[in-house]
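Read the structure below first, then the notes.
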Amino acid sequence: MARIEGVNLPRQKRIETALTYIYGIGLKTSQIILKAVDMDLNRRVKDLTDQDVSDIQNELKHYVIEGDLRKEVRQNIRRLQEINSYKGARHKKSLPVRGQRTKTNARTRKGPRGLAVAGKRKVAKK
């Protein structure tokens, strides 16, 4: 199993697809990286030599990926929250940030609904 940037790549997948398991690398970026190191896109991860892995790692030094990218995204969100921007306020409230509707949908962002309990009634105040 090849380990690049702290990520174990799946052995049976093509290297083009396997590189997308690294945070910050999509399909297009993986194709660009593999062309830069002059490697076939159809090779499997299990067929890579140590030299191939080191070539890919050297090429990845030109990109912001994994921990550094996660840190940068976190800092950007924190900055938006500190300057009290609209987007920062939406992040604080765990609501959709990019203008999606919330009357219906948005369950992923808002979390599960409160569960209704059968037969339970609210007690009236005296």
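Show that you can apply the helix-only estimate: for the chain, add -39,500 (n - 2.57) for every DSSP H stretch of four or more residues, divide by all residues, and state [θ] at 222 nm to the nearest 500.
Numbers: 6 runs with 53 residues, N = 126.
Helix contribution divided over all residues of the chain: -12000 deg cm²/dmol.
When the scattering of the stretch 66-110 is computed by the Debye formula from its Cα atoms alone, each counted once and equally, what is log10 I(q)/I(0) at q = 0.22, 0.24, 0.27 Å⁻¹?
Values returned for q = 0.22, 0.24, 0.27 Å⁻¹ are -0.77, -0.84, -0.92.
Among the trypsin sites (Lys or Arg not before Pro) within the stretch 1-83, which fall in a DSSP loop and have no more than 14 other Cβ atoms within 10 Å of their own Cβ? Kindly include the intermediate steps, with their values, before the conclusion.
Values: sites: Arg3, Arg11, Lys13, Arg14, Lys28, Lys35, Arg43, Arg44, Lys46, Lys61, Arg70, Lys71, Arg74, Arg78, Arg79; in loops: Arg11, Lys13, Arg43, Lys61.
Within the stretch 1-83, the qualifying trypsin sites (Lys or Arg not before Pro) (loop, at most 14 other Cβ atoms within 10 Å) are Arg11, Lys61.
Would you work out which of Gln75, Gln100, Tyr86 lies farthest towards the positive end of the dipole of the stretch 66-110, given +1 charges on the beta-carbon of Lys and Arg and -1 on that of Asp and Glu, about the Cα centre?
Gln100
Dipole magnitude of the chain about its Cα centre, charges +1 at Lys/Arg Cβ and -1 at Asp/Glu Cβ only, in debye to the nearest 20?
Working: 31 positive and 13 negative charges, 467 e Å.
Around 2240 debye, computed over the chain.
Regarding the stretch 3-60, what whole-number volume in Å³ per residue does the convex hull of its Cα atoms give?
Values: hull volume 3.9 nm³, N = 58.
Dividing the Cα hull volume of the stretch 3-60 by its residues yields 68 Å³.
If you place +1 on the Cβ of every Lys and Arg, -1 on the Cβ of every Asp and Glu, and leave all else neutral, what size is the dipole of the stretch 3-60 about its Cα centre, to the nearest 20 Debye?
Numbers: 9 positive and 9 negative charges, 69 e Å.
Magnitude of the dipole: close to 340 debye.
Using only Cα atoms, tell me the angle between helix 27-36 and the longest principal axis of the chain; keep it within 0 to 90° and round to the nearest 10.
Once rounded, one gets 20 degrees.
Quick one: what Rg and Dmax do you get for the chain from the alpha carbons, in Å?
Rg and Dmax of the chain, Cα atoms, are 22.6, 79 Å.
Among the listed pairs Lys71/Lys93; Lys61/Lys110; Lys13/Lys71; Lys28/Lys110; Lys28/Lys71; Lys13/Lys61, which have their C-alpha atoms separated by more than 26 angstrom in this model?
Working: Lys71/Lys93 21 Å; Lys61/Lys110 37 Å; Lys13/Lys71 28 Å; Lys28/Lys110 32 Å; Lys28/Lys71 23 Å; Lys13/Lys61 23 Å.
Violating the 26 Å Cα-Cα cut-off are Lys61/Lys110; Lys13/Lys71; Lys28/Lys110.
Helix 66-82: angle to the longest alpha-carbon principal axis of the chain, degrees 0 to 90, nearest 10?
Approximately 30 degrees, to the nearest ten.
Taken together, the values in this text are just the output of simple stated rules run on the coordinates, not laboratory data. Keep in mind the model is a prediction, meaning the values are calculated, not measured. Backbone-built Cβ (ideal geometry, glycine too); neighbour counts: all protein chains shown.
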